[in-house]
Amino acid sequence: MAELTMEGEKVALFFVAFLCLSYAYEVSVSCMMAYDEGGASAVFNSPECRPWDFSAAIKNGTDKCLVATHQGRRKYQEDRIRCYPRVIVPVLGEDGVGEASVGIAAVFDGHGGKEASEMASQKFFDYFLLHIVFNTYKNLFSHSKEHQEAGQYSLKFKVDDESTHGILEKALLRTIQDIDSEFTQEALKNDYISGSTAIVVLWMNGEILVGNLGDSKAIVCSRRSHFDQGNEGDLVTSLQAEELTKDHHPDRDDEKARIEAAGGVVLFVGVPRVNGILAVSRSIGDIRLKRYGVIAEPEVTGWRHLSTDDWYVVIGSDGIFESSSSQDACDILSGGHAKTSIDSSFCPSSSSLADCIVHNAFSKGSGDNLSVIVIPLRQESPSLEHKHHI
């Protein structure tokens, strides 16, 4: 019994440490029950749970997000963006709970009204961090219970990036699920017809995770060397685009199969649309089409290691790529205004790189709302010089 008591005291010490790292808010049994029954929204609305405020988790530093948004040629601005380059979250360590810095960036592209994108942008950060806290808490005490039942009194945790990554990925998926469920209730009550795409990028310890539903894009701009066909003999170093996401268009084979299995049809009305209405097959909201196979489940890329040649991650609403390519964005970031696809007059020297991407897409005829987040992965500028090939 003495050994079990000592073990209990050790767990209690870890619990205190967890409270400190979780912004000093207690996870009571009744609050955990509320979480298990109704997710993040239930916790924030339950009188059994003390108020949660995650503002202290946002830290300043040299990391930054470059953001730009423009209403474009639409009557309303329905895009919403969020970016927090340094957020402190609790993570399991060998001796209990520690902390780590995570970057969070998201673009929500609304349609049929701003209600869905507005709710998603307002709630994503708090819901995401709350899911991290509760899942870390549950993993901590589940692990402790397993050790006690096995008669092991040296409480050590097997911790690696994979376990931390798993908690973050689960938190991302649960957050979108909770927002969609909550918006569905609001939409039914207020007769909203709106919906929103969502794309979220997380980065931590040199790795990134992308979760996407809809047709916004995430790309990485990486330094690559290649021969310039226009100047034979020159080896050119530039930033090359790689798309990290696949659009959820209704005519994509797997998306179309799900829609048709649910009783929906894909009709071409300008572009392929679910029942001739919605041009994406995954979204938050759009409650009238959920019965026809439209889902709010993000497609997750899995964690990707960032190499020393990766310089920027770009996240943009579909308006950015309506008239411009992913490579155009990387050309702008590499200072490639001399290239024929880029009009330098729309990118004055006073503009940020994000502004330049927006201005370029608008100048080339995009008729949609335009929003972009540029995440610099290096402190210095990439060396993009021409080298003579001998």
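State all residues of the stretch 188-204 that are of a type outside the set (Phe, Trp, Tyr), open to solvent by 40 Å² or more (accessible area, probe 1.4 Å) and in a loop (DSSP other than H, G, I, E, B); if no residue qualifies, say none.
191, 193
I'm trying to understand the selection: among the residues of the stretch 335-367, which are in contact with a Gly (Cβ under 7 Å, 6 or more places away or on another chain) and modelled with pLDDT under 90?
342
Give 302, 293 a once-over and let me know the one that is buried (at least 17 other Cβ atoms within 10 Å of the Cβ), farther than 13 Å from residue 373 by Cα and in contact with an Asp or Glu (Cβ under 9 Å, 6 or more places away or on another chain).
None of the others qualify; the one that does is 293.
Looking for whichever is closer than 23 Å to residue 83 by Cα, at pLDDT 90 or above and touching a Leu at 6+ places or on another chain (Cβ under 6 Å) here; the options are 210, 107. Which one fits?
The match here is 210.
What are the residues in the stretch 78-117 that are of a type outside the set (S, T, N, Q), open to solvent by less than 30 Å² (accessible area, probe 1.4 Å) and outside any strand (DSSP E or B), if any?
78, 113, 116
What number of residues within the stretch 243-290 satisfy the criterion of being in contact (Cβ under 8 Å) with a residue 60 or more places away in the chain, open to solvent by less than 80 Å² (accessible area, probe 1.4 Å) and over 21 Å from residue 180 (Cβ atoms)?
Total satisfying the criteria: 1.
In the stretch 55-100, which residue that is acidic (Asp, Glu) and under 30 Å from residue 320 (Cα atoms) is modelled with the lowest pLDDT?
63
Looking at (1) modelled with pLDDT of 90 or more; (2) loosely packed, with under 15 Cβ neighbours inside 10 Å, which one does residue 381 not meet, given that it meets all the others?
With respect to (1) modelled with pLDDT of 90 or more; (2) loosely packed, with under 15 Cβ neighbours inside 10 Å, residue 381 is out only on (1).
Filter the stretch 205-226 for residues that are open to solvent by 10 Å² or more (accessible area, probe 1.4 Å) and either in contact (Cβ under 8 Å) with a residue 40 or more places away in the chain or charged (D, E, K, R) (or both) and give the result.
Of everything in the stretch 205-226, those that are open to solvent by 10 Å² or more (accessible area, probe 1.4 Å) and either in contact (Cβ under 8 Å) with a residue 40 or more places away in the chain or charged (D, E, K, R) (or both) turn out to be 205, 206, 207, 215, 217, 223, 224, 225.
Being touching a helix residue (DSSP H, G or I) at 6+ places or on another chain (Cβ under 8 Å) and hydroxyl-bearing (Ser, Thr, Tyr) is the filter; apply it to the stretch 52-87 and report the residue that is nearest to residue 378 (Cα to Cα).
Among those residues, the one meeting the criterion is 84.
Out of the stretch 275-308, which residues are charged (D, E, K, R) and modelled with pLDDT of 95 or more?
If the condition is that a residue be charged (D, E, K, R) and modelled with pLDDT of 95 or more, then 282, 286, 288, 290, 291, 297, 299 are the ones that fit.
Across the stretch 274-292, what is the number of residues that are assigned to a strand (DSSP E or B) and of a type outside the set (D, E, K, R)?
Of the residues in that region, 4 qualify.
Only one of these is crowded, with 23+ Cβ neighbours inside 10 Å and closer than 24 Å to residue 366 by Cβ: 317, 325. Name it.
Result of the check over 317, 325: 317.
Against the condition surrounded by fewer than 19 Cβ atoms within 10 Å (Cβ to Cβ), within 23 Å of residue 204 (Cα to Cα) and out of contact with any Leu (no Cβ under 8 Å at 6 or more places or on another chain), how does residue 120 come out, does it pass?
When the stated conditions are applied, residue 120 does not pass them.
Scan the stretch 39-50 for residues that are surrounded by fewer than 13 Cβ atoms within 10 Å (Cβ to Cβ) and in a helix (DSSP H, G or I) and jot them down.
Across the stretch 39-50, the qualifying residue is only 45.
Considering 36, 53, which residue is among the acidic types (Asp, Glu), more than 30 Å from residue 215 (Cβ to Cβ) and in a loop (DSSP other than H, G, I, E, B)?
When all the criteria are applied, what remains is 53.
A quick yes/no check of all residues on (1) β-branched (Val, Ile, Thr); (2) modelled with pLDDT under 50; (3) within 19 Å of the chain's Cα centre (by Cα):
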position	(1), (2), (3)
132	yes, no, yes
137	no, no, no
146	no, yes, no
150	no, yes, no
155	no, yes, no
161	no, no, yes
165	no, no, yes
168	no, no, yes
176	yes, no, yes
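The values are calculated or read from the model by the stated rules, or taken from the named source; none is laboratory data. Please read these numbers as outputs of a predicted model, since none were measured by experiment. As a convention, Cβ positions derive from the backbone with ideal geometry for all residues, glycine included, and neighbour counts pool all protein chains shown. Ligands, DNA and RNA are excluded from the accessible area calculation, which covers all protein heavy atoms including side chains. Shrake-Rupley method; radii C 1.70, N 1.55, O 1.52, S 1.80 Å.
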